[in-house]
1. Restrict the check to segment 219-234 and report whether at least one residue is part of a loop (DSSP other than H, G, I, E, B), among the charged types (D, E, K, R) and under 25 Å from the mean Cα position of the chain (by Cα).
2. If TYR75 satisfies all but one of (1) within 18 Å of GLY163 (Cα to Cα); (2) surrounded by fewer than 20 Cβ atoms within 10 Å (Cβ to Cβ), what's the number of the condition it fails?
3. Among the residues of segment 19-63, what is the count of those that are modelled with pLDDT of 75 or more, out of contact with any helix residue (DSSP H, G or I) (no Cβ under 8 Å at 6 or more places or on another chain) and polar (S, T, N, Q)?
4. With (1) in a loop (DSSP other than H, G, I, E, B); (2) modelled with pLDDT of 85 or more as the list, and GLU240 as the residue in question, which single condition is left unmet?
5. Any idea which residue in segment 83-107 is surrounded by the most Cβ atoms within 10 Å (Cβ to Cβ), counting only those that are of a type outside the set (Gly, Ala, Ser) and touching a Phe, Trp or Tyr at 6+ places or on another chain (Cβ under 8 Å)?
6. Conditions: (1) crowded, with 19+ Cβ neighbours inside 10 Å; (2) not assigned by TED's automatic domain parsing to the domain that holds THR73. GLU171 meets all but one. Number of the miss?
7. Restricting to segment 230-248, what's the tally of residues that are over 18 Å from PHE272 (Cα atoms), of a type outside the set (Lys, Arg) and surrounded by 15 or more Cβ atoms within 10 Å (Cβ to Cβ)?
8. Looking at (1) touching a residue at least 60 places away in the same chain (Cβ under 8 Å); (2) in a loop (DSSP other than H, G, I, E, B), which is the only condition ILE179 fails?
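The values are calculated or read from the model by the stated rules, or taken from the named source; none is laboratory data. These figures come from a predicted structure and were not determined experimentally. Cβ sites come from the backbone with ideal geometry, for glycine too, and all protein chains shown count toward neighbours.
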Amino acid sequence: MSVTIAASDVNKLRQATGAGMMDCRKALTETNNDFEAAIDWLRKQGQKVAAKRSDREAKEGVVLAKTTADNKTGYIVCISCETDFVSKNADFVAFAQSIADAAVENKVNSVEELNNIVINGAKVADLINDKLAAIGEKIEINKFEKVDAPFVASYIHGANRMGVLVAMSSEAAEAGKDIAMQIAAMNPLGVDSDSIPADVVARERAIVMETMQADPKMAGKPEEMVAKIAEGKLNSFFKENTLMAQAFVKDGGKSVADYLKGVNADLKVTSFKRVALG
């Protein structure tokens with residue numbers, strides 16, 4: 001009696017070992033769909049099995065931010081590993097660079113697409129599994145971001161530990177770098193108050209109201225006054241957590257919005273991405 005091999009089981013074995021899809025299907029067929037026996041079967045066939053170490057956290061790695069030559073598309077690619085010993089290794093950094101370069105050159109839209117890109121005759125997913133097997137640490141494309149805009153600035157901070165992309169309404173290389181450094185340092189939640197998710201604002205408003213209700217100084221004050229104070233506290237939240245309202249790190253006497261106006265009255269930041277290790 002033949003055993004039906006589900007595609008999901010084949011994929012699970014593929015993800016666990018790094019072996020090819022057809023080899024995984026044959027291994028499951030030969031072992032009556034016994035997962036552990038299929039791994040042993042692959043090993044017995046001489047397959048270089050690279051078992052995923054899903055029980056380990058990959059908090060180290062390399063974060064790279066790059067743009068296309070015309071600066072209209074930007075990418076952040078994080079190749080994670082387990083130890084800083086590996087993440088600081090020149091060969092591993094070069095390996096991560098090659099994958100980030102492939103993302104840019106092929107204008108990929110997702111991790112899945114990137115894993116299927118071929119570099120020197122091998123798919124990225126297979127290269128990652130080979131690297132995993134060679135160094136004995138969990139390695140994966142941990143994070144991926146893509147930004148399209150009339151002009152995209154990129155910035156890498158702290159020896160490849162953080163990458164930032166800034167989407168801008170027009171070309172402004174120096175301003176783009178300044179804003180990217182601002183985002184790296186201050187970690188805003190959004191460009192402006194309108195870009196903060198409604199649930200985040202609602203949660204913050206609830207915290208403000210609960211805090212005020214517990215404050216004896218608020219007892220007996222008119223509702224209008226309480227509402228006005230609450231709104232002021234919420235505005236303080238926006239000032240600290242939205243890019244445009246934040247104090248500009250290079251000149252605390254002006255906001256980021258003021259800085260941009262000084263560069264070009266029509267210059268705007270439309271979005272940003274910030275990816276950090278940990």
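1. no
2. Going through (1) within 18 Å of GLY163 (Cα to Cα); (2) surrounded by fewer than 20 Cβ atoms within 10 Å (Cβ to Cβ) one by one, TYR75 breaks only (2).
3. Counting residues in segment 19-63 that are modelled with pLDDT of 75 or more, out of contact with any helix residue (DSSP H, G or I) (no Cβ under 8 Å at 6 or more places or on another chain) and polar (S, T, N, Q) gives 2.
4. Failing condition for GLU240: (1).
5. Checked segment 83-107; the qualifying residue surrounded by the most Cβ atoms within 10 Å (Cβ to Cβ) is VAL86.
6. Of everything listed in (1) crowded, with 19+ Cβ neighbours inside 10 Å; (2) not assigned by TED's automatic domain parsing to the domain that holds THR73, GLU171 misses just condition (1).
7. Filtering segment 230-248 down to residues over 18 Å from PHE272 (Cα atoms) leaves 230-237.
From what is left, the residues that are of a type outside the set (Lys, Arg) are 230-232, 234-237.
Still in the running and surrounded by 15 or more Cβ atoms within 10 Å (Cβ to Cβ): 230, 234, 237.
Residues in segment 230-248 being over 18 Å from PHE272 (Cα atoms), of a type outside the set (Lys, Arg) and surrounded by 15 or more Cβ atoms within 10 Å (Cβ to Cβ): 3 in total.
8. Failed condition: (2).
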